[in-house]
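Structure, as structure tokens:
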Amino acid sequence: MTDQVQQNQFDAEAMVIRKASDNDILVLRELFEKSRVEGQTRENDTGADLDYLMAGYFECKDSGFWVAQYREWIVGMIGVQRVSDNSAEIRRLRVRDTFRRNGIGTELMLHAIEFCKEKQFLKVILDVRIERSPAIKLFDSFGFLHGRERESEGRTTIDFYLDLYSDKTDTLH
């Protein structure tokens, strides 16, 4: 991205969330690799699901992947994968660092949760490294509950879940 948009210049009206396509894979890989450098991703996570985006997220009608596009730039991404008949996992939530704190992550989460409701999932799960406090605050704001904590590679990961059959999710954001 050659022209960096300053935070005070971001116009949320110019952002759209759209279904990802094969043409987006290089940019999605870039966002993923940046998260690896920042230590947000497990060392054994190769991101292969992004290389095989269509197979991983679109061959199953109950899965999907979206990007947040601001003008000509992809500034964020999120995926939902069905893990059982009644539950789905939110994956790959990323926002380009120069666009963070503009509500993009919130909009992506709203989109993913609405998708899960439309597909009539009862439960949504996700996990995050403990040092990712802005993401944890975001998940808390959506009513996600803390599940177990796991140690791996010397780092702590928190599992979260959201029960979609409760009345709480009808008043989110």
| Selected residue (criterion: modelled with the highest pLDDT) from residues of the stretch 6-28 that are surrounded by fewer than 12 Cβ atoms within 10 Å (Cβ to Cβ) and either under 18 Å from ARG100 (Cβ atoms) or among the hydrophobic types (A, V, I, L, M, F, W, C) (or both) | LEU26
| task | Scan ARG82, ARG71, ARG100, ARG129 and give me the residue that is modelled with pLDDT under 95 and over 20 Å from GLU33 (Cα atoms). | result | ARG71
| For the stretch 128-147, does any single residue satisfy the condition of being among the acidic types (Asp, Glu) and over 15 Å from the mean Cα position of the chain (by Cα)? | yes
| said: Cβ-Cβ under 8 Å, sequence separation 6+ or interchain: first residue in the stretch 14-38 and farther than 20 Å from ALA55 by Cα, partner in a helix (DSSP H, G or I) and modelled with pLDDT of 95 or more. Which pairs? | reply: MET15/ILE104; MET15/GLU107; ILE17/GLU107; ILE17/LEU108; ILE17/HIS111
| query | Only one of (1) surrounded by fewer than 16 Cβ atoms within 10 Å (Cβ to Cβ); (2) modelled with pLDDT of 90 or more; (3) not polar (S, T, N, Q) fails for GLU38. Which number is that? | reply | (2)
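The values are calculated or read from the model by the stated rules, or taken from the named source; none is laboratory data. Not measured: the values here are computed from a predicted model. Positions of Cβ are backbone-derived with ideal geometry, glycine not excepted, and every protein chain shown enters the neighbour counts.
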